[in-house]
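*Asks:* Would you mind keeping the following structure in view while I ask a few things?
The values are calculated or read from the model by the stated rules, or taken from the named source; none is laboratory data. Because the structure is predicted, anything quoted here is derived from the model rather than measured. Cβ placement follows ideal geometry from the backbone for every residue including glycine, while neighbour counts extend to all protein chains displayed.
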Amino acid sequence: MAIRVGFIGLGNQGGPIATHYAPSGFQTTVYDVDPQKIHELEQSGAQGATSPREVGESASLIGVCVPEDDHVRDVVQGKNGILAGAAPGTVILIHSTILPQTAIELSSEAAQQGVALLDACVTGGAARAQSKELTYMVGGDQEDLEKARPMLECTSAHIIHAGPVGNGAKLKLCLNMITYIQWAAVSESFALAQAIDLPKEVLEEVHQELFDWQGTGMSVMEMSHRSKQYLPIIEEAEEDLRALLAIP
């Protein structure tokens, strides 16, 4: 019998992840606040749901990839959230970058009805989701991770067990600190190139040849030096830095 999986949040990261499950043989149920995104996944064999609760009723392994902690809380514990429909034995995987404490609190609430919740934070972006080369950083019990492993392996190159619930989120935030240092290095190198009249195109070429800039570094180039749009990456960095400062 096919494993019953669900996925909630079909945006820039979640959509490319969720699109693999039905073609890989999973019985797949998906939900997003945008009906068009649900329709797109239905074209690849998934079943659309009308609420997170319906996903909870339909699946035993459920991925969640929504923007912020408040969204995650609503999806998991809201009136029509996953826990309103999930059966004991269900495993919920939070792929969003959230506060460790959020993961701990939601995991504790889920456990009261026999449901496991893991912070399975993801890195690699949409491109590596499409090529099934993501890295998952998972906080939670080893036994629960093993239950969820088939779903995670479908889209990943690496699965790292970081320790108890909350550690996946902590590891992702630490990794993001490295990312932001890379962003600063890219920005400074392009500022220097401009100051000494070096064409930015040749610097881009060297970056691509010598470093793995297809993900983080290239996104910085595209959003800042090519388009002069710094605000999106600054807002993302500020959000994660606030999360780091909020850790007790």
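*Asks:* So which strands (runs of 3 or more DSSP E) are wholly in the stretch 65-140 and hold at least 2 residues that are touching a Ser or Thr at 6+ places or on another chain (Cβ under 6 Å)?
*Replies:* The strands (runs of 3 or more DSSP E) meeting that bar are 116-123, 134-139.
*Asks:* Identify, please: which residue in the stretch 161-217 is under 24 Å from ALA129 (Cβ atoms) and touching a Lys or Arg at 6+ places or on another chain (Cβ under 8 Å) and is, among those, modelled with the highest pLDDT?
*Replies:* Per the stated criteria, the residue is ALA162.
*Asks:* Look through the stretch 39-54, keep the residues that are more than 18 Å from the chain's Cα centre (by Cα) and under 17 Å from VAL75 (Cβ atoms), and return whichever of them is surrounded by the most Cβ atoms within 10 Å (Cβ to Cβ).
*Replies:* Out of the qualifying residues, it is ALA49.
*Asks:* Only residues in the stretch 119-135 that are closer than 10 Å to LEU152 by Cα and in the same structural domain as GLU68 (by TED's automatic domain parsing) count as the first member; pair them with residues that are at pLDDT 90 or above and in a helix (DSSP H, G or I), Cβ under 7 angstrom, at least 6 apart or cross-chain, and list the lot.
*Replies:* ALA120/LEU152; ALA120/GLY168; LEU134/ARG128
*Asks:* Restricting to the stretch 13-37, name every residue that is closer than 16 Å to ALA59 by Cα and among the aliphatic types (A, V, I, L, M).
*Replies:* Residues satisfying the conditions are ALA18, ALA22, VAL30.
*Asks:* Could you go through the stretch 30-46 and let me know if any residue there is over 13 Å from MET151 (Cβ atoms) and touching a Cys at 6+ places or on another chain (Cβ under 9 Å).
*Replies:* no
*Asks:* Within the stretch 1-26, track down each residue that is over 16 Å from GLU54 (Cα atoms) and among the β-branched types (Val, Ile, Thr).
*Replies:* Answer for the stretch 1-26, where residues must be over 16 Å from GLU54 (Cα atoms) and among the β-branched types (Val, Ile, Thr): ILE3, ILE17, THR19.
Yes or no, residue by residue, for (1) surrounded by fewer than 24 Cβ atoms within 10 Å (Cβ to Cβ); (2) within 24 Å of GLY25 (Cα to Cα); (3) in contact with a His (Cβ under 8 Å, 6 or more places away or on another chain):
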| site | (1), (2), (3) |
| --- | --- |
| VAL75 | no, no, no |
| ILE92 | no, yes, no |
| ALA110 | yes, no, no |
| GLN113 | yes, no, no |
| THR155 | no, yes, yes |
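*Asks:* Specify the residue that is surrounded by the fewest Cβ atoms within 10 Å (Cβ to Cβ); the eligible residues are those in the stretch 1-30 that are touching a residue at least 40 places away in the same chain (Cβ under 8 Å) and in a strand (DSSP E or B).
*Replies:* Among those that are touching a residue at least 40 places away in the same chain (Cβ under 8 Å) and in a strand (DSSP E or B), it is ARG4.
*Asks:* Residue pairs, Cβ under 8 Å, 6 or more apart or interchain, first in the stretch 150-178 and assigned by TED's automatic domain parsing to the domain that holds CYS121 and in a strand (DSSP E or B), second surrounded by fewer than 20 Cβ atoms within 10 Å (Cβ to Cβ) and of a type in the set (Val, Ile, Thr). List them.
*Replies:* Between residues of the stretch 150-178 that are assigned by TED's automatic domain parsing to the domain that holds CYS121 and in a strand (DSSP E or B) and residues that are surrounded by fewer than 20 Cβ atoms within 10 Å (Cβ to Cβ) and of a type in the set (Val, Ile, Thr), the close pairs are SER156/THR135; ALA157/THR135; HIS158/THR135; ILE159/THR135; ILE160/THR135.
*Asks:* Sticking with this structure for a sec: Which members of the stretch 50-85 meet the condition of being of a type in the set (Gly, Ala, Ser) and more than 12 Å from VAL5 (Cα to Cα)?
*Replies:* Selection gives SER51, GLY78, GLY81, ALA84, GLY85.
*Asks:* Then there's this: Can you confirm whether the stretch 36-49 contains a residue that is out of contact with any Leu (no Cβ under 6 Å at 6 or more places or on another chain) and under 20 Å from LEU106 (Cα atoms)?
*Replies:* Checking the stretch 36-49: not a single residue is out of contact with any Leu (no Cβ under 6 Å at 6 or more places or on another chain) and under 20 Å from LEU106 (Cα atoms).
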